[in-house]
Amino acid sequence: MADLIMVVEDEDNIRANIAEFLQKEGYETIMAKDGEEAIALFDENKPDIVVLDLMLPKIDGLEVCKRIRQNSMAPIIMATARDEEIDKLLGLELGADDYLTKPFSLRELKARIKAVLRRTKNTQSIELQEEKMVFGSLEVNTERREVRLDGKVVDLTPSEYAILTTLCQNVGRPYSRLQLLNATLGESYAGYERAIDTHVSNLRKKIERNPQKPVYILTVYGLGYKFGDQYEVVN
């Protein structure tokens with residue numbers, strides 16, 4: 001069964017060209033011309049991935065991303081004509097998995113879609129030595145692809161889950177941002193390394209009691225991150 005992609009773009013010709021290209025590549029597509037329609041179509045169709053323009057009428061792309069994330073962890077690729085770092089970081093903070101700056105080629109879009117879908121499917125089938133790992137109040141169950149804190153399920157995006165599982169299977173091992181990018185996201189995009197910081201920040205907000213004083217995801221100054229080496233895996 002082909003993956004269903006929702007293309008959200010207010011310019012008719014761009015929206016149609018993207019959808020036509022993706023259909024030729026074997027994907028199914030649905031299209032939305034504004035943020036209001038995007039939210040309605042997402043709720044109705046539950047697409048596998050969303051290509052989301054930032055500048056939209058009625059409801060902007062950042063708000064659409066935020067609303068999707070309230071109920072779904074489906075991957076989101078933002079597209080924006082603005083090359084402002086703050087826009088990209090805002091989108092990532094709201095839960096987007098990747099971003100593209102317009103103008104972009106359809107080949108590049110295809111590569112990003114394949115990478116994000118592969119990442120999502122890999123995290124669903126990832127096999128570690130321990131199917132269930134417990135670190136204090138944090139439990140990572142890779143068989144069920146489930147993370148719990150104090151017994152309550154924590155909803156993570158594919159990117160957040162990939163980062164967490166990579167770090168916790170190598171307790172105490174420091175990763176540079178580039179190493180973590182390559183190990184978890186699969187594609188080394190130019191200038192993307194610093195976006196790892198945003199994903200880590202989002203992850204800390206979800207699993208740390210005090211994100212300002214983390215005990216699980218620790219900063220290795222001048223390098224990147226590691227999983228707290230005070231923890232031993234409990235099966």
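Out of the residues in region 1-47 meeting the condition of being hydrophobic (A, V, I, L, M, F, W, C) and touching a residue at least 60 places away in the same chain (Cβ under 8 Å), tell me which one is nearest to Glu63 (Cα to Cα). I'd like the intermediate steps shown before the answer.
From region 1-47, those hydrophobic (A, V, I, L, M, F, W, C) are 1-2, 4-8, 14, 16, 18-19, 21-22, 30-32, 38-42; that's our starting set.
Still in the list and also touching a residue at least 60 places away in the same chain (Cβ under 8 Å): 5, 18, 21-22.
Working: Ile5: 19, Ile18: 22, Phe21: 27, Leu22: 25 Å.
Here the answer is Ile5.
Quick one: is Val50 under 16 Å from Ser159 (Cα atoms), without any contact (Cβ under 8 Å) to a residue 60 or more places away in the chain and surrounded by 20 or more Cβ atoms within 10 Å (Cβ to Cβ)? Outline the logic, then answer.
On the way: under 16 Å from Ser159 (Cα atoms): yes; without any contact (Cβ under 8 Å) to a residue 60 or more places away in the chain: yes; surrounded by 20 or more Cβ atoms within 10 Å (Cβ to Cβ): yes.
Judged against the criteria, Val50 is a match.
Which one of Lys110, Lys66 is in contact (Cβ under 8 Å) with a residue 24 or more places away in the chain, within 24 Å of Lys206 (Cα to Cα) and outside the structural domain of Tyr161 (by TED's automatic domain parsing)?
The match here is Lys66.
Listed here are the residues, each with its yes/no results for (1) under 23 Å from the mean Cα position of the chain (by Cα); (2) within 20 Å of Tyr99 (Cβ to Cβ).
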position	(1), (2)
Met1	yes, no
Leu4	yes, no
Val7	yes, yes
Glu11	no, yes
Ile14	no, yes
Glu25	yes, no
Glu37	yes, no
Lys46	yes, no
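Among the residues of region 23-37, are any among the hydrophobic types (A, V, I, L, M, F, W, C), in contact with a Ser or Thr (Cβ under 9 Å, 6 or more places away or on another chain) and in the same structural domain as Leu100 (by TED's automatic domain parsing)?
Pass one, region 23-37, residues among the hydrophobic types (A, V, I, L, M, F, W, C): 30-32.
Within this subset, residues satisfying the condition of being in contact with a Ser or Thr (Cβ under 9 Å, 6 or more places away or on another chain) are none.
Within region 23-37, none of the residues are among the hydrophobic types (A, V, I, L, M, F, W, C), in contact with a Ser or Thr (Cβ under 9 Å, 6 or more places away or on another chain) and in the same structural domain as Leu100 (by TED's automatic domain parsing).
Please give the strands (runs of 3 or more DSSP E) falling wholly within region 1-100 in which 1 or more residues are of a type in the set (S, T, N, Q).
Qualifying strands (runs of 3 or more DSSP E): 28-32, 76-80.
Quick one: in region 19-37, which of the residues that are aliphatic (A, V, I, L, M) and in contact with a Leu (Cβ under 7 Å, 6 or more places away or on another chain) is surrounded by the most Cβ atoms within 10 Å (Cβ to Cβ)? Spell out the reasoning first.
Residues of region 19-37 aliphatic (A, V, I, L, M): 19, 22, 30-32.
Next cut, in contact with a Leu (Cβ under 7 Å, 6 or more places away or on another chain) only: 30, 32.
Working: Ile30: 18, Ala32: 23.
Among them, the one singled out is Ala32.
Just the residues that are of a type outside the set (S, T, N, Q), modelled with pLDDT under 85 and within 29 Å of Tyr99 (Cβ to Cβ), please, taken from region 129-146.
The answer is Arg145, and nothing else.
Exactly one of (1) outside any helix (DSSP H, G or I); (2) at pLDDT below 90 is unmet by Arg119. Its number?
(1)
Looking at region 69-78, is at least one residue surrounded by fewer than 20 Cβ atoms within 10 Å (Cβ to Cβ) and more than 19 Å from Leu117 (Cβ to Cβ)? Steps first, answer last, please.
First, pick out the residues of region 69-78 that are surrounded by fewer than 20 Cβ atoms within 10 Å (Cβ to Cβ): 69-73.
Checking which are more than 19 Å from Leu117 (Cβ to Cβ) leaves us with 70-71.
Among the residues of region 69-78, at least one is surrounded by fewer than 20 Cβ atoms within 10 Å (Cβ to Cβ) and more than 19 Å from Leu117 (Cβ to Cβ), which makes the answer yes.
Only one of Gly222, Gly186, Gly172 is surrounded by fewer than 17 Cβ atoms within 10 Å (Cβ to Cβ), at pLDDT 85 or above and of a type outside the set (Val, Ile, Thr); which?
Criteria check complete, one pass: Gly172.
The values are calculated or read from the model by the stated rules, or taken from the named source; none is laboratory data. Everything numeric here is computed off the predicted structure, so don't read it as measured data. Virtual Cβ from ideal backbone geometry, glycine too; neighbours counted across all protein chains shown.
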